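Structure, as structure tokens:
The values are calculated or read from the model by the stated rules, or taken from the named source; none is laboratory data. The structure displayed is predicted, hence computed values, not measured ones. Every residue, glycine as well, gets a Cβ built from its backbone with ideal geometry; the counts of neighbours run over all protein chains shown. Surface areas here come from the heavy atoms of the whole protein model, side chains and all, with no ligands, DNA or RNA. Shrake-Rupley method; radii C 1.70, N 1.55, O 1.52, S 1.80 Å.
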Amino acid sequence: AEHQHTRYNPLRDDWVLVSAHRVKRPWQGQLEKPPPEDVPRWDPNNPLCPGATRANGEVNPQYEGTFVFPNDFPALQPDAPEPDDSDHPLFRAAAARGVCKVMCFHPWSDLTLPLMSLAKWAELATELGASYSWVQIFENKGAMMGCSNPHPHCQVWASSFLPNEACLEYRTQRQHLSQHGVPMLLEYAEQEAHRKERLVVENEDWLVVVPYWATWPYQTLLLPRRHVCRLQDLSEGERDSLASIMKRLLIKYDNLFEVSFPYSMGWHGAPMGPYLEEDCKHWQLHAHYYPPLLRSATVRKFMVGYEMLAQAQRDLTPEQAAERLRSLPEVHYKQK
């Protein structure tokens, strides 16, 4: 594992180059600015705070829990017209309709670990999935991941089409079930629970691993132990244990470099809309966490050059990353 090699990602049907020795090279590149530590609990000029005025003139209610509202600048709208017919197969376009929502997790902007409403996620998935094929719940945390607002929030985009990643995972999971008779990620979770070398945290219902094929340095995959297709299929007990394991993971992330850890995360559940009438037993619910930090709170991994033009490459093994995360305390560094 100390020598460069490639690893296959069955979920994406591609390969990643592992070059563990490269993490030792001196770094003279860009240093990121650490996130601010003095975020005010409430800011009247922050458009996500209770009672604040957003860019479109709407005034937020004085919410005390979770607050969901339509994105003021949506990438998808429900009434978009059909594109013109193409006159050549190399110039194709297709209709794209949908809705975009924002969910504020909590009225306070300064929470160290704002816990999202899992019930609200499931509720939104059910509501939007009745009309749309794909419901993407995702959170961008930190300016490094393009999040300009420190207030704890996520986004939910529902689309009339299956996005590229969903199409890819639909195909690979269906092929695996056809060839092996078991859902890919259910089998994978069982293997990782037994092998343990890439395990980060686990409980009776869930486990978090740095996947064997991870691309980002401290990328993790959150998996249920039983076969579950969608968030709304979880029992109340599984939602409680999910909240617990997510909190444990996020504490470890923050403790790694003692900073509010940036990442993009999102849920991949089985497609909905017309797919609700189809057999989706090949699909296993899962969540991806993609954090960019590599060596410290100020040194990140850049996916450029070879990664953009050839294939993904990582600078430490997934086993090394998992061992480092696993060994971290589960008490937040700010609470010591």
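In this Cβ point-charge picture (+1 for Lys and Arg, -1 for Asp and Glu), the chain has a dipole of about 1220 debye about its Cα centre. Every pair of different Cα atoms in segment 223-283 enters the Kirkwood calculation, which places the hydrodynamic radius at 13.9 Å. The calculated FRET efficiency for Asn164 paired with Glu64, based on their beta-carbon distance and R0 = 35 Å, is about 0.35. For segment 115-187, the Stokes-Einstein estimate of translational diffusion at 4 °C and a viscosity of 1.567 mPa s comes to 89 µm²/s, using the Kirkwood hydrodynamic radius over alpha-carbon pairs.
What nm value, rounded to one decimal, do you get for the distance between Glu204 and Met308 when each label is placed 7 Å out toward the C-beta? Label-label distance for Glu204 and Met308, simple model: 4.9 nm. Each Cα pair under 8 Å and six or more residues apart adds its sequence gap; the mean of these over the residue count of the chain is a relative contact order of 21 percent.
Computed 3J(HN,Hα) for segment 73-82, one whole-Hz value per residue from the Karplus formula 6.51 cos²θ - 1.76 cosθ + 1.60 where θ = phi - 60°, is 10, x, 7, 10, 10, x, 10, 5, x, 5, glycine and proline marked x.
Once you keep just the Cα pairs under 8 angstrom separated by 6 or more residues, what percentage relative contact order results for segment 60-197? Computed value for segment 60-197: 23 percent relative contact order.
Summing +1 for each Lys or Arg and -1 for each Asp or Glu among the other residues whose beta-carbon sits under 14 angstrom from that of Asp13 gives +1. To put it simply, the accessible area of segment 265-336 at a 1.4 Å probe is 55 percent carbon and sulfur. Summed over qualifying helices (DSSP H, 4 residues or more, each -39500 (n - 2.57)) and divided by its residue number, the chain shows a 222 nm mean residue ellipticity of -7000 deg cm²/dmol. In terms of distances greater than 30 angstrom between alpha carbons, the cross-link table entries Lys281/Lys301; Lys120/Lys336; Lys101/Lys336; Lys101/Lys247; Lys120/Lys334 yield Lys281/Lys301; Lys120/Lys336; Lys101/Lys336.
Ligands, DNA and RNA are left out, and with a 1.4 angstrom probe the accessible area of segment 65-155 is 52 Å² per residue. Put a dot 7 Å past the Cα of Trp108, heading toward its Cβ, do the same for His88, and the two dots end up 5.9 nm apart. Tally Lys and Arg at +1 and Asp and Glu at -1 over the other residues with C-beta under 15 Å from the C-beta of Met265: what net charge comes out? My count for the surroundings of Met265 gives +1. Using a cutoff of 8 angstrom between alpha carbon atoms and counting only pairs six or more residues apart, the relative contact order for segment 183-310 works out to 28 percent. All Cα-Cα distances of the chain, cut into 20 Å bins from zero to the largest, leave 28, 60, 12, 0 percent in each bin in turn. Here the label points at Ser178 and Asp79, each 7 Å from Cα along the C-beta direction, are separated by 4.1 nm in the simple model.
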